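The structure appears right after this line, and notes come after that.
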Amino acid sequence: MTWTRFTPFEITITKSAMPTKNKIAITGVKPSGTPHIGNYLGAMKPIIDFQKNHQTYIFIADLHSLTTVHNAAELRTNIINVALDFLALGLDPDHTVFFRQSDIHEHSELAWIFGCLTPFGLMERAHAWKDALATGKKDPTVGLFTYPVLMAADILLYNPDIVPVGKDQKQHVEIARDLAEKFNSTFGQTFKLPEPSIPENIASIIGTDGEHKMSKSYNNTIQLFADESTLKKQIMNIKTDSTPVEAPKNPDGDTVFKLYSYLATPVEIATLRDKYLAGGYGYGEAKKLLLTKYLEYFGPARQKRIELAKNLGYLEDVLKSGAQKAKKVASHTMEIVRQKTGLVL
Ligand code: ADP
Ligand code: TRP
């Protein structure tokens, strides 16, 4: 098994080094609690990396969050947190249009129009809806049912080429393509069909239980922004086998080694591999090494987040300025849509 090392936070992009950004990428992120290293490597980093060579739009999908969060204080906190997380982890507002979905009313307006073109059966076949029913979700809402319609509006308003998403969102992007085609065939060519971009080569990051993928729902995470003592606990709790300290160990079967391999350099990985194979090196020491590496890798982002949290005015300015840029594009699309549908006289 080979592990990919992820280089941390390449925030600075010099203008001269920028390729011509003629492709547009858009994605939405639902604020969903404290991020862990699995979220970062599997979703956040690939999204942020798009800003290097695409015209990138990233928005906080706060309207989508309303399908699950019905508490104003909680929603506000979640929105602020996800904005802080992304800015700390390298989203550069000079290279990405970063905004809140609910600031751009065109998302809801286009969602209504698409809703009037969406066959009921298409929504009934959506995985997320089927899962909600299969797991016996209590009182599933219309919002949950039409979730993919709003997502189609989010996407198509910006005429993107690419939609970076996780595997679980692939079907939603396909629905957006279906609705674009439906609109085009009904009212004339308007929307181009975007492609989903799914980071296939990124392995599922293993959780601290050594059994499942790292996930909040398994409670087996190492968080990115937890305080040091919590981090230490999460790392020290990583499940290992009972090979005694003096015996040689199999690095490839060990979770501490795997997690280290995501963050360390090839030389560092080879050194640790040798220590495992030689014996006389305990898992406790390996865990300490992992903690040090973790703090080194995420240190700049952790520090940046602390600084950003001290000045929420800056964060509001970033989102306001992002909304102004997004609004220009979205309102232009809606002018065309209103013309084509007959909503202007
Ligand atoms: P969780 O499972 O912790 O609730 P989410 O479902 O909120 O995480 O995941 C958000 C995104 O993070 C997913 O779309 C997925 O791409 C990515 N992700 C989550 N866990 C992992 C993991 N263990 N390895 C790789 N990517 C992950
Ligand atoms: N549904 C996505 C998720 O749960 C978030 C999202 C909302 C989105 N609108 C989008 C992603 C538009 C991509 C494009 O992760």
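Any read-out appearing in this document is the output of simple, stated calculations on the displayed coordinates, not a laboratory observation. Keep in mind that this is a model prediction, so the values were computed, not measured. Please note: Cβ atoms are built from the backbone with ideal geometry, for glycine as well, and neighbour counts cover all protein chains shown.
If the convex hull of the alpha-carbon atoms of the chain is projected onto planes in all directions, what is the mean projected area in square nanometres?
Projected over every direction and averaged, the Cα hull of the chain covers 19.8 nm².
If neighbour count is taken as other Cβ atoms inside 10 Å, put Glu124, Glu200, Glu174 in order from fewest to most. All intermediate terms of the calculation are to be shown ahead of the outcome.
Values: Glu124 11, Glu200 7, Glu174 15.
In order of increasing Cβ crowding within 10 Å: Glu200, Glu124, Glu174.
Picking from Asn78, Asn219, Asn53, which is most flexible by a Gaussian network model of the chain using Cα springs under 10 Å?
Largest GNM mean-square fluctuation: Asn219.
In debye, nearest 20, what is the charge dipole magnitude of the chain about its Cα centre with +1 on Lys and Arg Cβ and -1 on Asp and Glu Cβ, if you could check? Don't skip to the answer; put the middle values down first.
On the way: 40 positive and 37 negative charges, 44 e Å.
With only Lys, Arg, Asp and Glu charged at Cβ, the dipole is about 220 debye.
Would you kindly give the portion of the calculated P(r) for the range 216-307 that falls above 22 Å, as a percent of all Cα pairs?
Tail of P(r) above 22 Å: 29 percent of Cα pairs.
How large is ³J(HN,Hα) for each residue in the range 41-47, as worked out from phi by the Karplus curve 6.51 cos²θ - 1.76 cosθ + 1.60 (θ = phi - 60°), to whole Hz, x for Gly and Pro?
Values, residue by residue: 6, x, 9, 5, 5, x, 5 Hz.
Can you give me the angle between helix 147-156 and the longest principal axis of the chain, using Cα atoms only, in degrees from 0 to 90, rounded to the nearest 10?
80 degrees
Would you mind checking which residues have amide H under 5 Å from Lys213's amide H? H placed 1.01 Å from N; only 5 or more apart, or other chain.
Distant-sequence amide H within range of Lys213: Gly207.
Build a GNM of the chain with springs between Cα atoms under 10 Å: which of Ala134, Ala180, Ala153 gets the top mean-square fluctuation?
For the chain, modelled as a Gaussian network with Cα springs under 10 Å, the answer is Ala134.
How do Phe187, Phe120, Phe114 rank when sorted from fewest to most other Cβ atoms within 10 Å of their own Cβ? Don't jump to the answer; show the numbers that get you there.
Values: Phe187 17, Phe120 8, Phe114 24.
Listing Phe187, Phe120, Phe114 from fewest to most nearby Cβ atoms yields Phe120, Phe187, Phe114.
Mind checking the range 244-345 for trypsin sites (Lys or Arg not before Pro) that DSSP puts in a loop (not H, G, I, E or B) and that have at most 11 other Cβ atoms within 10 Å? Can you show the working numbers first?
On the way: sites: Lys249, Lys258, Arg273, Lys275, Lys287, Lys288, Lys293, Arg302, Lys304, Arg305, Lys310, Lys320, Lys325, Lys327, Lys328, Arg338, Lys340; in loops: Lys249, Lys310.
For trypsin sites (Lys or Arg not before Pro) across the range 244-345 that sit outside H, G, I, E and B with at most 11 neighbouring Cβ atoms in 10 Å, the list reads Lys310.
Under 16 Å Cα to Cα from Lys23, which aspartates and glutamates show up? Leave out anything in the same chain fewer than 8 places away.
Answer for Lys23, where 16 Å is the Cα cut-off: Asp49, Asp161, Glu195, listed by chain and number.
State the number of lysine pairs found in the range 216-307 whose Cα atoms come within less than 16 Å, restricting to pairs 8 or more positions apart or on distinct chains.
Final tally of qualifying lysine pairs is 20.
So for His64, His332, fewest C-beta neighbours within 10 Å to most, what's the order? Before the final figure, lay out the partial values.
Values: His64 22, His332 13.
Exposure proxy ranking, most exposed first: His332, His64.
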